[in-house]
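One structure is given here, and the rest of the page talks about it.
The values are calculated or read from the model by the stated rules, or taken from the named source; none is laboratory data. This is a predicted model, so every value here is computed, not measured. A quick note on method: Cβ atoms are made from the backbone with ideal geometry, for glycine too, and the neighbour counts reach across all protein chains shown.
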Amino acid sequence: MKKYLYISLSLLTLLLRCSTSNPKTLEADVMTDASYGYFRWHNSIRDGYVVVETKIFQDPKECHGDYNCSPQDHLIKKANLRPSDPSMVIPLKLGEYYAITKLRYGDASFFYCQTSDLTIYHGFQFREPYDPKNPTVPYGSNKCEFLSEDQVVCPSIQITKKGIQEIKLSEGETREKSISFRHLLEPNLILFTISLLYCGPVSRSVDLIEVEERRWGDGG
């Protein structure tokens, strides 16, 4: 029995190693190829977790909402940026890209749970008021800025030869707090029960994440 258990665990470990890419190796491979650079997320928030899902495309003119942007030509990457593994690397060919990132932060301790949701627009933003014929506005600044408590606009993703463009996430001053009951609406009964027993009847929605865009490379 022990022999079979050992073999099963060994196979599981091997499978996990094969299915998980090493970001450091990936970065090294990209930096030796002059046709590529890379876009990187880096989370420096010590407590909790940050989940990012980035949808990258090359024509923001077709955007008519967060879920209706370049439905055919896009790349989606998602990662859980834990304190122990804080970075996600996305290799891209040379050129300019646009993106929408959905970011969710969570920190849970017994009867004290807090979350934060953020949408980041890279290189463009939507018009206010909305114009269905011309819905987007190019963003030309070289730094990120908050449009509202839960929306940020950052520069477009400009990939140069062996270049690095990074979005750094860090904990800043709290901008807003609110009471959230959303975790009680979890459709999965097991998750609902766990959330209720662990977080309590309410959780806090907190805006505290700072977003900074940084670049390195030869620009050639």
Residue match in the range 163-177 (condition: at pLDDT below 80 and farther than 29 Å from Val89 by Cβ): no
Arg175 being basic (Lys, Arg) and touching a residue at least 12 places away in the same chain (Cβ under 8 Å): yes
Residue that is surrounded by the most Cβ atoms within 10 Å (Cβ to Cβ) [pool: residues in the range 91-117 that are within 14 Å of the chain's Cα centre (by Cα) and modelled with pLDDT under 95]: Tyr105
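Provide a single number: the residues in the range 104-145 that are among the hydrophobic types (A, V, I, L, M, F, W, C), in contact with a strand residue (DSSP E or B) (Cβ under 9 Å, 6 or more places away or on another chain) and farther than 18 Å from Tyr67 by Cβ.
Residues in the range 104-145 being among the hydrophobic types (A, V, I, L, M, F, W, C), in contact with a strand residue (DSSP E or B) (Cβ under 9 Å, 6 or more places away or on another chain) and farther than 18 Å from Tyr67 by Cβ: 4 in total.
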Selection count where residues are more than 25 Å from the chain's Cα centre (by Cα), at pLDDT 75 or above and among the β-branched types (Val, Ile, Thr), scope the range 194-220: 0
Residue that is surrounded by the fewest Cβ atoms within 10 Å (Cβ to Cβ), among those in the range 31-77 that are polar (S, T, N, Q) and either out of contact with any helix residue (DSSP H, G or I) (no Cβ under 6 Å at 6 or more places or on another chain) or in a helix (DSSP H, G or I) (or both): Gln72
Residues of the range 45-76 satisfying the condition of being closer than 23 Å to Thr136 by Cα and within 16 Å of the chain's Cα centre (by Cα): Val52, Glu53, Thr54, Lys55, Ile56, Phe57, Asp66, Tyr67, His74, Leu75, Ile76
Every residue from the range 121-136 that is without any contact (Cβ under 8 Å) to a residue 40 or more places away in the chain and not in a strand (DSSP E or B): Arg127, Glu128, Pro129, Tyr130, Asp131, Lys133, Asn134
Any hit, the range 6-28, residues being at pLDDT 50 or above and surrounded by 12 or more Cβ atoms within 10 Å (Cβ to Cβ): yes
Breaking point among (1) modelled with pLDDT of 90 or more; (2) touching a Cys at 6+ places or on another chain (Cβ under 9 Å), for Lys78: (2)
The lone exception for Thr160 - which of (1) polar (S, T, N, Q); (2) more than 30 Å from Leu94 (Cα to Cα); (3) at pLDDT 75 or above it fails: (2)
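Please enumerate the residues belonging to the range 79-90 that are more than 23 Å from Thr160 (Cα to Cα) and either surrounded by 17 or more Cβ atoms within 10 Å (Cβ to Cβ) or of a type outside the set (S, T, N, Q) (or both).
Ala79, Leu81, Arg82, Pro83, Asp85, Pro86
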